Amino acid sequence: MAQYSTRLDGIFQALSDPTRRAVLQRLGAGPASVGELAEPFDMALPSFLKHIHSLEQSGCIRTHKQGRVRMCTLDKKSFTAIESWLAGQRALWEGRTDRLEEFVTRAAPTENTDQKEQPA
């Protein structure tokens, strides 16, 4: 369980940065070189490579060399862990809100017409 939690921590930490989320979104369309991925961002290549390294360490992407070019691909297996965790959270919260709805609708206050209001 601790290993699962550590893996999720790494994935969510990688997803916490807008640059890394944009890279993942782009990789959703297919593999791309580091140069192609870095193009839309106004940062030096060494800084961008830190984002690539973070995504690779978290398991969100894989990189490999093709000649002189480093290619990146999305690793969809890591997103299975996120989907599983989110499904558990969704079930937990849906159960809680269902119980709250049941409590509110069943415990609606009944008016007591026998009592008269007393002046304050």
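Things worth noting here:
- Some residue of the range 75-90 being at pLDDT 80 or above and farther than 29 Å from LEU55 by Cβ: no
- In the range 57-74, of all residues being surrounded by 16 or more Cβ atoms within 10 Å (Cβ to Cβ) and under 17 Å from the mean Cα position of the chain (by Cα), the one that is nearest to GLN25 (Cα to Cα) corresponds to LEU74.
Condition check ((1) surrounded by 11 or more Cβ atoms within 10 Å (Cβ to Cβ); (2) touching a residue at least 40 places away in the same chain (Cβ under 8 Å)) across all residues:
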site	(1), (2)
ILE11	yes, yes
GLN25	no, no
ALA29	no, no
GLU36	yes, no
PHE41	yes, no
ALA44	no, no
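To keep it simple, each residue is scored yes or no on (1) hydrophobic (A, V, I, L, M, F, W, C); (2) touching a Leu at 6+ places or on another chain (Cβ under 8 Å); (3) modelled with pLDDT of 95 or more.
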residue: ALA14; (1), (2), (3): yes, yes, no
residue: ASP17; (1), (2), (3): no, no, yes
residue: ARG20; (1), (2), (3): no, yes, yes
residue: GLN25; (1), (2), (3): no, no, yes
residue: SER33; (1), (2), (3): no, no, yes
residue: GLU36; (1), (2), (3): no, no, yes
residue: SER47; (1), (2), (3): no, no, yes
residue: ILE52; (1), (2), (3): yes, yes, yes
residue: GLY59; (1), (2), (3): no, no, no
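- Residues that are closer than 20 Å to ILE11 by Cβ number at least 2 in the following helices (runs of 4 or more DSSP H) confined to the range 23-116: 45-58, 76-106.
The values are calculated or read from the model by the stated rules, or taken from the named source; none is laboratory data. None of the values given here were measured: they were computed from a predicted structure. When we count neighbours, we look across all protein chains shown, and the Cβ atoms used for this are built from the backbone with ideal geometry, even at glycine.
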